[in-house]
Amino acid sequence: MSQYAIRVDGLAKHFGKIVAVDSLTFDVREGEIVALLGGNGAGKTTTISMLLGLLIPTAGSLEVLGVDMLRHRYDALPRLNFSSPYVDLPKRLTVYENLMVYARLYGVADPRARVADLGRDLAIDSFMKRPYGELSSGQKTRVSLAKSLLNEPDLLMLDEPTASLDPDTADWVRTYLKTYQDAHGATILLASHNMHEVERLCDNVLMMKEGRIVDRDSPKALVSRYGRATLEEVFLDIARGRPGPEPVAAQ
Amino acid sequence: MVSVRPPARSPIRQPGFLFSGRRVSAMVLRYFYLLRGSLPRIVELCYWPTMQMMIWGFLSQFLYQQSEWFLRAGGILIAAVLLWDIMFRSNIGVAISFLEEMWSRNLGQLFASPLRPYEWAISLLAISGLRTLIGVLPAALLAIPLYHYSIFDMGLPLVAFFTNLLIFGSAVGLAVSGLVLRFGLGAESLAWAAIFAVAPLSGIYYPVSVLPDWLQPVAFALPSAHVFEGMRAAVIDGVFLTERFLWSVGLNVIYLALGMAAFLFAFHVARRRGQLLQMGE
């Protein structure tokens, strides 16, 4: 089995003349938590979409959990999952109904037991019978997280998992993710604007700008190399094009 | 306090099966939940076919008094309207179920899962059959006490007509769904309108022979025209036209393949253009 959960080589996506992602090359080792960090339009969501097989790349190759996603993505899809604010669950279905449908789609052996377990773990059982569309943002995020954990994924891709959450709920979600990763040895790829979240959770950071990876390292190493106090300052240096150190393993 | 269960003893490691009945049934369950959760939706499903049947039923009653031909062909308009509704409802059944996913911005979730697009299409066909039955059955049953006409008297030919119209309506629904996927929700009115494009040529209430000579071959390129011709033969002459049946089956195979191909092609284009994550209200 591959020691890499993700291997991407020369990945590009063009929408007409717009270059959304340009020649990305990176690896994520199994069991790592890695952040895709960048401003709006940096290409984070596009990259995750390609990794999930929702978007066909213009060029390049990508391997997820040892599977060539351009040729055999259905071999990998049962073993990965994702959560994103850009998608929703059917609003008129209850939380329970939504989770049962997705449990069956992912081939979960005992859907009822798994949904009940996640209901307790993620503290969503009190609103299991409510329509998804009637939930608050925080409740929806928990449900979305529950959906993304139904199949106990080896690779979890999270696009802004704590966007629009209050600090308490956001902290709770981060703690849960870290605990899940520890218990399952799962790999997590995280796209986020939240520097605190990235510093707290991630082993490595891929800094993206205008569809390219402009730097990569652990959060501590990045802060140290840029001579800054926080990752947010490093982010601002990169986003605003201030001169910085020589990027590590730049493309 | 955060707690996470340890990994399951036998974690799921399903290979990428080409087809899974379980995934199809999961999607049928999803649409069933939607239907079950809304009484107005169920009532609406039955309402229009029943209203149509009543209007055409009373018109038939009037025409029986005016025309000997109609008297001989008792129930032909009611049969026609019920069969038309099967075609219309099956088309709408596919298209509306498809639109539900777009309205709820659920396409990204669905296709990041192991669900294959053709499994989804099959689930749309299945739920369309269920919606059609729910819609048309009460109207057909109501015609018995109201007009002393039972479409079920046709017997086995009715099953043949029903199946063929269901498949044809669904095939058009799949093609329309493909168009909406390709052009976005701006094209959603096609879901209701498209099937009416074939209605005048299908000879629902009149024989195909009344169409201009040049238009008749076009009409007979539609499975529905053969079904309605067959229906008239069954109601008026009490015969089952095997040739018409075989034509409708053969044409349906082609239309279903074309509808599925259009749908899968639109899905592929949507993956290339990044529409699976973007589409929604």
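The values are calculated or read from the model by the stated rules, or taken from the named source; none is laboratory data. In this text the structure is predicted, and so the values were computed from the model without any measurement. In this analysis, Cβ positions are derived from the backbone assuming ideal geometry, glycine residues included, and neighbour counts consider all displayed protein chains.
Against the definition (touching a residue at least 24 places away in the same chain (Cβ under 8 Å), farther than 19 Å from A:L36 by Cα and either crowded, with 18+ Cβ neighbours inside 10 Å or within 13 Å of chain B (Cβ to nearest Cβ) (or both)), how does A:A191 come out, yes or no?
No, not satisfied.
Return the residues of the stretch A:1-48 that are in a strand (DSSP E or B), surrounded by fewer than 15 Cβ atoms within 10 Å (Cβ to Cβ) and within 14 Å of chain B (Cβ to nearest Cβ); say none if nothing qualifies.
Matches in the stretch A:1-48: A:H14, A:F15, A:I18.
Please go through the stretch B:210-237 and give me each residue that is under 14 Å from B:M154 (Cα atoms) and surrounded by fewer than 18 Cβ atoms within 10 Å (Cβ to Cβ), ordered by number.
Selection gives B:A233, B:I236, B:D237.
Give me a count of the residues in the stretch A:75-114 that are within 7 Å of chain B (Cβ to nearest Cβ), of a type outside the set (A, V, I, L, M) and under 27 Å from B:S38 (Cα atoms).
Number of matching residues: 9.
What are the pairs with Cβ atoms under 9 angstrom where one residue, in the stretch B:53-64, is under 14 Å from B:I204 (Cβ atoms) and the other, located anywhere, is of a type in the set (D, E, K, R)? Sequence gap at least six, or different chains.
From residues that are under 14 Å from B:I204 (Cβ atoms), the pairs are B:M53/B:D85.
Among the candidates A:V223, A:V205, single out the residue that is assigned to a helix (DSSP H, G or I) and either in contact with an Asp or Glu (Cβ under 9 Å, 6 or more places away or on another chain) or among the β-branched types (V, I, T) (or both).
A:V223
Residue-wise test of (1) closer than 29 Å to A:L37 by Cβ; (2) at pLDDT 90 or above; (3) in a helix (DSSP H, G or I); (4) in contact with a strand residue (DSSP E or B) (Cβ under 7 Å, 6 or more places away or on another chain).
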site: A:L89; (1), (2), (3), (4): yes, yes, no, no
site: A:Y102; (1), (2), (3), (4): yes, yes, yes, no
site: A:V108; (1), (2), (3), (4): no, yes, no, no
site: A:V115; (1), (2), (3), (4): no, yes, yes, no
site: A:G119; (1), (2), (3), (4): no, yes, yes, no
site: A:S144; (1), (2), (3), (4): yes, yes, yes, yes
site: A:S148; (1), (2), (3), (4): yes, yes, yes, yes
site: A:T162; (1), (2), (3), (4): yes, no, no, no
site: A:T179; (1), (2), (3), (4): yes, yes, yes, no
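Collect the residues in the stretch B:87-121 that are under 18 Å from the mean Cα position of the chain (by Cα) and within 14 Å of chain A (Cβ to nearest Cβ), keeping them in residue-number order.
B:I96, B:S97, B:F98, B:L99, B:E100, B:E101, B:Y118, B:E119, B:W120
Has the stretch B:84-96 got at least one residue that is crowded, with 20+ Cβ neighbours inside 10 Å, farther than 13 Å from B:G169 by Cβ and at pLDDT below 95?
no
Kindly indicate which of B:F196, B:F162, B:F183, B:F168 is more than 17 Å from the chain's Cα centre (by Cα) and among the aromatic types (F, W, Y).
Of B:F196, B:F162, B:F183, B:F168, the one residue that is more than 17 Å from the chain's Cα centre (by Cα) and among the aromatic types (F, W, Y) is B:F183.
Can you tell me which of B:S224, B:S248 is in contact with a His (Cβ under 8 Å, 6 or more places away or on another chain) and in a helix (DSSP H, G or I)?
That would be B:S248, the only listed residue that is in contact with a His (Cβ under 8 Å, 6 or more places away or on another chain) and in a helix (DSSP H, G or I).
Does B:S202 count as in contact (Cβ under 8 Å) with a residue 12 or more places away in the chain and part of a helix (DSSP H, G or I)?
It is false that B:S202 is in contact (Cβ under 8 Å) with a residue 12 or more places away in the chain and part of a helix (DSSP H, G or I).
Could you count how many residues in the stretch B:231-281 are within 14 Å of chain A (Cβ to nearest Cβ), at negative phi and either over 21 Å from the mean Cα position of the chain (by Cα) or among the hydroxyl-bearing types (S, T, Y) (or both)?
12
From (1) in contact with a helix residue (DSSP H, G or I) (Cβ under 6 Å, 6 or more places away or on another chain); (2) modelled with pLDDT of 95 or more, pick out the condition that doesn't hold for A:M69.
Evaluating A:M69 over (1) in contact with a helix residue (DSSP H, G or I) (Cβ under 6 Å, 6 or more places away or on another chain); (2) modelled with pLDDT of 95 or more leaves (1) as the failure.
Could you grab me the full set of residues in the stretch A:117-139 that are more than 11 Å from chain B (Cβ to nearest Cβ) and not charged (D, E, K, R)?
A:G119, A:I124, A:S126, A:F127, A:M128, A:L135, A:S136, A:S137, A:G138, A:Q139
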